[in-house]
Amino acid sequence: MSETGNRLRKLLESPNFEPQNYVKQLSQQSDGDRDLQEHRQKIQNLADETAQNLKKNVYKNYRQFIETAKEISYLESEMYQLSHILTEQKSIMESITQALLSTDKDETSKEMQAAFPKETEELKQRTLTSLLEKVEGGKNIMDTPGRHLVYNGDLVEFDVDNMSPIQKVHAFLMNDCLLIATWLPNRRGTVKYKYNALYDLESFAVVNVKDNPPMKDMFKILMFPESRIFQAENSKIKKEWLEILDETKKNKVTKDRHTKEEEVPTSPARVEASTNPFEQDEDEPAGAEESVDLSPEWIQELPEDLDVCIAQRDFEGAVDLLDKLNEYLKEQPVTQRVKELRLKVDERVRQLTEVLVFELSPDRSLRGGPKATRRAVSQLIRLGQSTKACELFLKNRAVAVQTAIRQLRIEGATLLYIHKLCNIFFTSLLETAKEFEMDFAGNTGCYSAFVVWSKSAMRMFVNAFSKQVFDSKESLSTAAECVKVAKEHCQQLTEIGLDLTFTLQSLLVKDIKAALQSYNDIIIEATKHRNSEEMWRRMNLMTPEALTKLKDEMRSCGIGSFEQYTGDDCWVNLSYTIVAFTKQMMSFLDEGLKLYFPELHMVLLESLREIILVAVQHVDYSLRCEQDPEKKAFIMQNATFLHDTVLPVVERRFEEGVGKPAKQLQDLRKSTRPVRINPESTTSVV
């Protein structure tokens, strides 16, 4: 490998190598597309050589691969044999247990029966264990004693809002909970599913969904404040799910009630056995039951006071009462009376949360700006619902911004409309950012959600911007002014530390490329049309005012030496075609530089090169074909003007606007240098 290749390999293999910085540095150092292509070829050669070395190493260690595969195969067969032996031993022990249970009911038989549960329950637990081995993240589910499988099957989950299919899931119904697992697209060994959610049977309700073709065989699971919809394979399986879910929930309720009834009679026995001094520790919870003082009047009236606050929309007062209660009970033991009070209060908290969520919903009035949401957001955060508050706040602001853009009247002047659009959007974005920073100052985890929302809002803005500027086929100068206005407004966001300039440029790059290419084609066609009618005559502007205006235009284009090409009266010693081409190309360069950002470098450079070549090739062709010495000298004067005056100005202004020289334009000027000729000579542009 060459020395350059070795340096490149060491650079890529270094532990501190950062691809983004490397690409950024490379793009700054490279001069045009040619250098990038050469560097790409070097990296490709390095990749090919690495692949070849890897292939050689595989061939070199091929025998070891075969031996390892054989060892794995032997190990697998031994594991199968071991599993078979264990299964046989288990069946033998089960048969011994059954024989002992059927022949003898003494103490030894009872101990064996306790050691080996009933076949049905063991089978269910064994089946559940084998199924959960296929679920990624489901190892801890069997930690609960007595949990066994009741029913399982494949379902398809649908979106609650638009009833579109989301994903395929596998549901495991157990005697006390429901496990939802999603299918893994890439299976790893025996693992087929991934843990998604686990619901206690008491935490949800099952609702049958009426068939509405093509939406059929569905049922809904309600878990406040969420719900999920699943579709069974057919109506028979749906019916089985509904019946088994209902029966399992009833069985759990019955079992829990029996457990509580069995525990109640134990308390009198403890009272009667009060003479035992060792039972003093067991009586302490009863004493603790009386130690929590819930007699204060404000605690007794707390549920009713919360209802009044919610009805009167006194959200701050309601949250203050909840904070006061939590502070009072913070150091107190959890007794039965405290649990009952908590249940009553939790129901009010749920109602309060629903009201606050409704306050932030987009269905409410959007007037008042971001500050109008501060009250509901702050109370949700105090209730520990910062994530929900963040989500609802951003949804509310997204709808507000979208409504404001939709209500903006489309004016006849595109630039006037863009000024209004940018003012509305970026002002709203700035106000939203400031309000977000104020409301969620203590919740730094929500800032990533705001950044994602900002990019989504910017995408909505660019859609409205492009529809008005680019889809309506506005001139390049108008498009450049509109993009300039958008960039200036976007820079205002940096005062709060939010820089969306790159996002704006990446969303506009496609439309700007198309606009540059379209205007490039227009200039080329116009130049070719003028070239076809070229008579190679001096310009006569007729009036001194017209000549002064032309001088000013050329001076604004950067051509300060234009006066040396003006003659007596109102004559200009240049062709009309060359003058018109110069003004049009310099205008294209100015507008292109207003639209410029690094992704458009090669597009703008190639467009300039194509436009210049059209004029240069026309001058070259005219020099070759013209036989009149005077006209040939005039053509040579126009060629000199292009080469010595216009092209250097193009190079200089491009370098000033971009920040680096354009090697392609320099090479083009060198290759089109005109040769000083005698009038009788037929030598043309090189």
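The values are calculated or read from the model by the stated rules, or taken from the named source; none is laboratory data. All figures in this text were calculated on a predicted structure; none of them were measured in a lab. All Cβ positions, even for glycine, are placed from backbone atoms using ideal geometry, and neighbour counts span all protein chains on display. Ligands, DNA and RNA are excluded from the accessible area calculation, which covers all protein heavy atoms including side chains. Shrake-Rupley method; radii C 1.70, N 1.55, O 1.52, S 1.80 Å.
Odds and ends about this structure:
- For the peptides 395-401, 294-300, the ranking by mean Cβ contacts within 10 Å, running from highest to lowest, is 395-401, 294-300.
- Distances between placed amide hydrogens fall under 5 Å for Val169 paired with Leu155, Val156, Glu157, all partners being 5 or more residues away or on another chain.
- Theoretical ellipticity at 222 nm over the chain - DSSP helices of four or more residues, -39500 (n - 2.57) apiece, nearest 500: -21000 deg cm²/dmol
- Using the alpha carbons alone, the radius of gyration of the stretch 509-672 stands to its Kirkwood radius in an Rg to Rh ratio of 0.97.
- Rel. contact order, % - alpha carbon contacts under 8 angstrom, at least six apart, the chain: 6
- Taking Cα atoms only, the orientation of helix 414-439 departs from the longest principal axis of the chain by about 30 degrees.
- Distance histogram for the stretch 297-473 (every C-alpha pair counted, 5 angstrom bins, percent rounded to whole numbers): 1, 7, 15, 16, 14, 11, 10, 8, 6, 4, 3, 2, 1, 1, 0
- Vicinal HN-Hα couplings computed from phi for the stretch 518-526 (Karplus, 6.51 cos²θ - 1.76 cosθ + 1.60; Hz; Gly/Pro x): 5, 5, 4, 5, 5, 5, 5, 5, 5
- Remark: for residue pairs Lys220/Lys249; Lys216/Lys239; Lys42/Lys670; Lys42/Lys513; Lys395/Lys455; Lys484/Lys594, the C-alpha separation exceeds 18 Å in Lys42/Lys670; Lys42/Lys513.
- Antiparallel bridges, percent of DSSP beta bridges restricted to the chain (to nearest 5): 95
- Rounded to the nearest 5, the antiparallel percentage of DSSP beta bridges internal to the stretch 134-259 is 95%.
- Among the listed values (i) 40.8; (ii) 54.0; (iii) 56.4, the one computed from these coordinates for mean projected area of the Cα convex hull in nm² is (ii).
- Dipole axis of the chain (+1 Lys, Arg; -1 Asp, Glu on Cβ), positive-most option in Asn573, Phe440, Ile237: Asn573
- Close amide H pairs (under 5 Å, H built 1.01 Å from N) link Leu574 with Met539, residues at least 5 positions away or on another chain.
- In this structure the amide hydrogen of Ala197, modeled in the peptide plane, comes within under 5 Å of the amide hydrogens of Ile180, none closer than 5 places in sequence on its chain.
- In a simple Cβ point-charge model (Lys, Arg +1; Asp, Glu -1; nothing else charged), the chain has a dipole of about 3480 debye relative to its Cα centre.
- For Lys194, the lysines whose Cα comes closer than 18 Å to its Cα, not counting residues fewer than 8 places off in the same chain, are Lys134, Lys139, Lys168.
- Cysteines in the chain lacking any other cysteine Cβ under 4.7 Å from their own Cβ: Cys177, Cys309, Cys422, Cys482, Cys490, Cys557, Cys570, Cys625.
- Rounded to the nearest whole Hz, the Karplus-based 3J(HN,Hα) values (6.51 cos²θ - 1.76 cosθ + 1.60, θ = phi - 60°) of the stretch 620-630 follow the sequence 4, 5, 5, 5, 6, 8, 6, 9, 6, x, 5, with x at glycine and proline.
- Nearest-ten-degree value, helix 476-491 long axis tilted from longest Cα axis of the chain: 40
- Counting only heavy atoms of the protein chains and using a 1.4 Å probe, Met438 has close to 120 Å² of accessible surface.
- Selection from Gln29, Met535, Gln336 lying farthest towards where the dipole of the chain points positive, charges on Cβ: Met535
- Between the stretch 15-49 and the stretch 634-652, the Cα center-to-center distance that results, in Å: 36
- Phi-based couplings in Hz for the stretch 49-62 (Karplus 6.51, -1.76, 1.60; Gly and Pro marked x): 5, 5, 5, 5, 5, 5, 5, 5, 5, 5, 4, 5, 9, 4
- Between the stretch 408-472 and the stretch 188-228, the alpha-carbon centres lie 38 Å apart.
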